[in-house]
Amino acid sequence: MSLERCLSFSRAALRSVCFTKQHLQGCVHICLRRSSTMSQAATPILSVFPSRALVDEKFKVLVENLPPGCPVTIHSLHHSEDQDYWEAYGHYISDDRGKVSVSDDLSFGGTYTGKEPMGLLWSMRPVPGSRKGLRLRKMNVCTPMLMDISVYSRHEGFRDQAPLASVLIERWYMAPGVRRIDIRERGVRGTLFIPPGPGPFPGLLDMWGGGGGLLEYRSALLASRGYVALALEYFSPGELQTAELEFNYFETAFNIVKDHPQVMPDRVGIFGLSLGSIVTMALAVESRVVKPRCCVCISGNHCFPPGRTLAAVTGEVDMNYDKVRVDENNHHIWRDVGLAIMREPSSKLDMGKINCPILLVNGHDDQNWPTVESAEDITEMMRAAGKEHLLTRLEYPDTGHLIEPPFSPHFRATNFIVNLTKEKVIMLWGGQTKPHSDAQEDSWRRILTFLQQHLYCSPSPKAKL
């Protein structure tokens, strides 16, 4: 699909926030009269600072040299590695000096409203007419995510015209100087990221969820923040049912990080999301080899049945697969599967045996798994064992399962391959875009603080409920 065709998709609806429709129409008419002389006036100037930054850093977008009181649309566009287009946009009105600042001014409509400095990123969605169930993830972290930021005159019909000005920006997961090393040793598959500088650094074993494959972007970002991070691949997409990996695979991966000459061997933690969080908790509780300094678990649970293989975990899901619900959009909801598994005490880890600080990050609108209920059960177990002081919980309203690094788009429902049937379905993860995006920004800041406290510093751990 060409960029020109993408920009010509269906018109966006005008949504008013603080101004009445009549007021906005008046502004449009005023600006249209002025725009006829815009060619004789000063050319609008669009600036983005910084134009090159890490993905968790904020930017500022400023438009100058507009007519005062002029409706404009500021638009972002990204062409993904999967060859799909993603966009976001806000409708603004220039002030009496002919300026629009995305950081300071209100958006009156678009994919976000209100004062949202990073709305041009977190509200991104596939352009109209795209394939269903898409998820935007960076696979090649050695290159930046390129974003076209453009300003158009008017609100309605902005797609039908050429932009007044455009700027190309770069968003990076991997900071300058970070080293990327393929790991194929002792049977372990993954990618190691090492921060710039002589070290030594704290280390992290980083594990993703049930979608499988090798995902590097979070590890690259963690290395950019000062941690040697191993992005671990532990099964291929759609092959979880046959993944007979024993504990020693994960223990070996942990030790690869711990034994690296640029890692402080007594300051290695584990970071997991979804299925990766289950493995994280199992290692912290059951392993006699792995002694993590701390653990971060996003959208996880403590259901790890006897057998200690991934096939045992997926076997529990398969036995309760009849509990899967399908909503009116044909989206699959797995929450009831998790609730059924949690009712069986033998399927749960004894979290009272954990001996390191653990951070649980969950959303109250998680439609994939009962993660908040799991966190409550974990709290009771640790309290009964006198270890509640090791627990920190972060929970967010209207937030779903896929809690990503900040300013990532919100994915409420995406394509997923069911390991039992090999069927491709659309999985409902949950969340509402604005609160979910707020949760991603806040939780990342708190995760980095947690890691700083327990891997770089050594104060006594304190719980925050």
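The values are calculated or read from the model by the stated rules, or taken from the named source; none is laboratory data. Keep in mind it's a predicted model, so treat the numbers as computed, not measured. When we count neighbours, we look across all protein chains shown, and the Cβ atoms used for this are built from the backbone with ideal geometry, even at glycine. Note: areas computed on protein heavy atoms with side chains; ligands, DNA, RNA excluded. Shrake-Rupley method; radii C 1.70, N 1.55, O 1.52, S 1.80 Å.
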For Cα pairs less than 8 Å apart in space and 6+ apart in sequence, what is the mean separation divided by the residue count of the chain, i.e. the relative contact order in percent?
12 percent
Let me know the volume per residue of the alpha-carbon convex hull for the range 333-381, in Å³.
70 Å³
Please report the equivalent ellipsoid semi-axes of the range 244-312, computed as sqrt(5 x eigenvalue) of the Cα gyration tensor, largest first, in whole Å.
21, 14, 9
What spacing in nm lies between the two simple spin-label points modelled at Asp322 and Ser130, each 7 Å away from Cα in the Cβ direction?
3.9 nm
Classify the range 352-402 as rounded, prolate or oblate from the Cα gyration tensor: take a ≥ b ≥ c as the square roots of its eigenvalues, call it rounded if a/c is under 1.5, otherwise prolate when a/b beats b/c and oblate if not.
prolate
Zero-based 5 Å bins, Cα pair distances in the range 348-465, whole percents
2, 11, 18, 17, 18, 16, 11, 5, 2, 0
Normalised per residue, the volume inside the convex hull of the alpha-carbon atoms of the range 208-352 in Å³ amounts to 122 Å³
How big is the antiparallel share of DSSP beta bridges in the chain, given as a percent to the nearest 5?
65 percent
Principal axis box of the range 194-290, alpha-carbon based, largest edge first, Å:
42, 30, 17
Charge tally for neighbours of Asp266 with beta carbon under 11 Å away, counting Lys, Arg as +1 and Asp, Glu as -1, is +4
Rg over Rh, two decimals, the range 148-187 (C-alpha only, Kirkwood Rh)
1.42
Cα extents of the range 311-411 along the three principal axes, largest first, in whole Å?
45, 37, 22
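Helix-only mean residue ellipticity at 222 nm, the chain, DSSP H runs n ≥ 4 weighted -39,500 (n - 2.57), per residue, nearest 500. What is it?
Taken over the chain, the calculation gives -7000 deg cm²/dmol.
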Provide the per residue accessible area, probe 1.4 Å, for the range 87-203, rounded to a whole number of square angstrom.
41 Å²
Mind checking Rg over Rh on the chain, alpha carbons, Kirkwood formula for Rh?
1.01
With a 1.4 Å probe and all protein chains left in place, how much accessible area per residue does the range 367-411 have, in Å²?
31 Å²
In nm², what is the average projected area of the convex hull enclosing the Cα atoms of the range 67-182?
8.9 nm²
Taking a cut-off of 13 Å between Cα atoms, list the aspartates and glutamates near Lys353, but don't count ones fewer than 8 places away on the same chain.
Glu286, Glu380, Glu388
For the range 280-360, what is the convex hull volume of the alpha-carbon atoms per residue, in Å³?
103 Å³
